[in-house]
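These notes concern the structure reproduced below.
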Amino acid sequence: MGLGGWRLARTGRLRLAAAGTLTVVGLLAAACGSDSADSSKASGSTDTGKAKTATSAAAAGGLDALVAAAKAEGKLNVITLPPDWANYGEIIAKFSATYGIKVTSDNPDGSSADEITAVKQLRGQSRAPDVLDLGNSFALQAASEGLIAPYQVATWKDIPDSLKESGGQWFSDYGGYVSIAYDTKAVSPAPKSFADLKNPAYKGKIAINGDPTQAGAAFAAVFAAALANGGSFDDILPGVQYFADLKKSGNFIPVKGTPATIESGQTPIMIWWDYLNASAADKAKGKVDLKLNIPSDGVYANYYTQAISKTAPHPAAARLWEEYLYSDEGQNLWLKGRARPVRLEAMTTAGTVDKTLLAALPEAPKDTRYPTQAQLDKAKQVVNDNWAKLVGGA
């Protein structure tokens, strides 16, 4: 059943661990009834005591104490979270309304690389990022550079071991499959594979969402193309060469594809995560008739990851944000955005998943494999070394 079913882990099968699933929901619901944040304590300099180094809600004095500390801070800084990316707009709004915490969302169209840069450059400032949403390889980079504060959410056991760093420096959140979306009014025939995309009929029509050395979704597109062109998890170079050839033919254009470029007709074919293409299709209804396929020759799936900045100016709010994201409510909100939340199996077993939203997911390939962290590291280096040289800007 792939990413949407029983084989969620990158390197093995998901082990059921539903304990704690309902507990955090009850605690979060109880916390919702407490008072709004005290605006007089909303500065980034608020002393939040145990939360600064807490590796769990229990270590912060319990979830009620964490909620109180987060409300005293009154603010949360997030970064590179477009409102239409996996339903983040609604997630941010509901978190803010639930806890009376003002959320500042910076650089919504940025990349994972931009997040790491912001943590470094804004260290010590009240506007520095509190939390990060990163592609796998970028999460590993941030951890290796000592930028991350370890934390384990209350539903930690529901996250497969292979989808989290054992000490809590990063943990997977939502995932999907690389897909090919196309405007049925501007594209014919319908592309169903990477081989199809070589068709001269697609000249000047194909895009990804930026530079794969900077953006996780673009990197995933290159990995999928590699699998479709004789490459493997150990060899991503054929994917880079594929885009070099596609650019030489004029089919691939060096434009950062977004929902806006899809709606305008600038990028009528978009290689992107299935949940983002599905969201773009919903947004463009009435303007563009966007359909999508998971390419038959290059099936690639993976997760994004959450992390807390070691120098977060609002450490309690940062930790409460993670608790919210990994509660049943938060996970179902990602599902509403057509993404596959990491706790999907545990919630399905517990009966807490929204069945209507689950049924609306695109059908997933039956046999999905995932690269190891070592393979991702190697692939990232190959792309870094060869993209500009072979393909140029995107």
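The values are calculated or read from the model by the stated rules, or taken from the named source; none is laboratory data. Just so it is clear, the structure is predicted and the values come from calculations on it, not from any experiment. With ideal geometry, Cβ positions are generated from the backbone for all residues, glycine too; neighbour counts draw on all protein chains shown.
In segment 251-275, how many residues are small (Gly, Ala, Ser), free of Cβ contacts under 8 Å to residues at least 60 places away in the same chain and surrounded by fewer than 24 Cβ atoms within 10 Å (Cβ to Cβ)?
Narrowing segment 251-275 to residues small (Gly, Ala, Ser): 257, 260, 264-265.
From what is left, the residues that are free of Cβ contacts under 8 Å to residues at least 60 places away in the same chain are 257, 260, 264.
When the remaining residues are screened for being surrounded by fewer than 24 Cβ atoms within 10 Å (Cβ to Cβ), the result is 260, 264.
Here the count works out to 2.
Exactly one of (1) over 30 Å from Val240 (Cβ atoms); (2) surrounded by 19 or more Cβ atoms within 10 Å (Cβ to Cβ); (3) touching a residue at least 40 places away in the same chain (Cβ under 8 Å) is unmet by Ala278. Its number?
Every listed condition holds for Ala278 apart from (1).
Can you pull out the residues in segment 340-394 that are closer than 16 Å to Ala218 by Cα and aliphatic (A, V, I, L, M)?
Within segment 340-394, Leu376, Ala379, Val382, Val383, Ala388, Leu390, Val391, Ala394 qualify.
Does Ser179 meet the test of being closer than 18 Å to Ala221 by Cβ and not basic (Lys, Arg)?
Numbers: closer than 18 Å to Ala221 by Cβ: yes; not basic (Lys, Arg): yes.
Answer is yes for this residue.
In segment 97-119, which residues are on the phi > 0 side of the Ramachandran plot and either free of Cβ contacts under 8 Å to residues at least 40 places away in the same chain or in contact with a Gly (Cβ under 6 Å, 6 or more places away or on another chain) (or both)?
Just the residues of segment 97-119 that are on the phi > 0 side of the Ramachandran plot, to begin with: 100, 107.
Of everything in segment 97-119, just one residue is on the phi > 0 side of the Ramachandran plot and either free of Cβ contacts under 8 Å to residues at least 40 places away in the same chain or in contact with a Gly (Cβ under 6 Å, 6 or more places away or on another chain) (or both), namely Asn107.
Looking for whichever is within 30 Å of Ala260 (Cα to Cα), at pLDDT below 95 and of a type in the set (Ser, Thr, Tyr) here; the options are Ser96, Ser137, Ser105. Which one fits? Give the steps one after another, and end with the answer.
Values: Ser96 fails: at pLDDT below 95; Ser105 fails: at pLDDT below 95.
That would be Ser137, the only listed residue that is within 30 Å of Ala260 (Cα to Cα), at pLDDT below 95 and of a type in the set (Ser, Thr, Tyr).
Here are the criteria: (1) buried (at least 19 other Cβ atoms within 10 Å of the Cβ); (2) closer than 30 Å to Pro365 by Cα. Tell me which single one Ser162 does not satisfy.
Result: Ser162 passes all but (1).
Each row is one residue, and each column tells you yes or no for (1) under 30 Å from Gly265 (Cα atoms); (2) buried (at least 24 other Cβ atoms within 10 Å of the Cβ); (3) of a type outside the set (Lys, Arg); (4) not assigned by TED's automatic domain parsing to the domain that holds Glu73.
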{"residue": "Lys283", "(1), (2), (3), (4)": "yes, no, no, yes"}
{"residue": "Arg319", "(1), (2), (3), (4)": "no, yes, no, no"}
{"residue": "Trp334", "(1), (2), (3), (4)": "yes, yes, yes, no"}
{"residue": "Asp377", "(1), (2), (3), (4)": "no, no, yes, yes"}
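If you scan segment 132-163, which residues turn out to be touching an Asp or Glu at 6+ places or on another chain (Cβ under 7 Å), assigned to a loop (DSSP other than H, G, I, E, B) and of a type in the set (A, V, I, L, M, F, W, C)?
Correct list: Val153, Ala154.
Is it the case that some residue within segment 199-209 is without any contact (Cβ under 8 Å) to a residue 60 or more places away in the chain, surrounded by fewer than 19 Cβ atoms within 10 Å (Cβ to Cβ) and touching a helix residue (DSSP H, G or I) at 6+ places or on another chain (Cβ under 8 Å)? Talk me through it step by step, then tell me what you get.
Going residue by residue through segment 199-209, those that are without any contact (Cβ under 8 Å) to a residue 60 or more places away in the chain are 199-201, 203-204.
Next, from what is left, pick out any that are surrounded by fewer than 19 Cβ atoms within 10 Å (Cβ to Cβ): 199-201, 203-204.
Within this subset, residues satisfying the condition of being touching a helix residue (DSSP H, G or I) at 6+ places or on another chain (Cβ under 8 Å) are none.
No, segment 199-209 contains no residue that is without any contact (Cβ under 8 Å) to a residue 60 or more places away in the chain, surrounded by fewer than 19 Cβ atoms within 10 Å (Cβ to Cβ) and touching a helix residue (DSSP H, G or I) at 6+ places or on another chain (Cβ under 8 Å).
Report, by residue number, each residue of segment 290-348 that is in a loop (DSSP other than H, G, I, E, B), among the aliphatic types (A, V, I, L, M) and within 19 Å of Gly167 (Cα to Cα). First the steps, then the outcome.
Going residue by residue through segment 290-348, those that are in a loop (DSSP other than H, G, I, E, B) are 294-300, 310-314, 326-327, 337-339, 342-343.
Checking which are among the aliphatic types (A, V, I, L, M) leaves us with 294, 299, 312, 339, 342.
Listed by number, the residues that qualify are Ala312, Val342.
Residue-wise test of (1) of a type in the set (S, T, N, Q); (2) assigned by TED's automatic domain parsing to the domain that holds Val67; (3) touching a residue at least 40 places away in the same chain (Cβ under 8 Å); (4) under 25 Å from Pro365 (Cβ atoms).
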{"position": "Arg123", "(1), (2), (3), (4)": "no, yes, yes, no"}
{"position": "Val153", "(1), (2), (3), (4)": "no, yes, yes, no"}
{"position": "Lys157", "(1), (2), (3), (4)": "no, yes, yes, no"}
{"position": "Lys185", "(1), (2), (3), (4)": "no, no, yes, no"}
{"position": "Ser193", "(1), (2), (3), (4)": "yes, no, yes, yes"}
{"position": "Ala217", "(1), (2), (3), (4)": "no, no, yes, yes"}
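Criterion first (in contact (Cβ under 8 Å) with a residue 12 or more places away in the chain and either within 25 Å of Ala139 (Cα to Cα) or outside the structural domain of Lys247 (by TED's automatic domain parsing) (or both)) does Thr348 satisfy it?
Numbers: in contact (Cβ under 8 Å) with a residue 12 or more places away in the chain: no; either within 25 Å of Ala139 (Cα to Cα) or outside the structural domain of Lys247 (by TED's automatic domain parsing) (or both): yes.
Taking the combined requirement at face value, the residue does not satisfy it.
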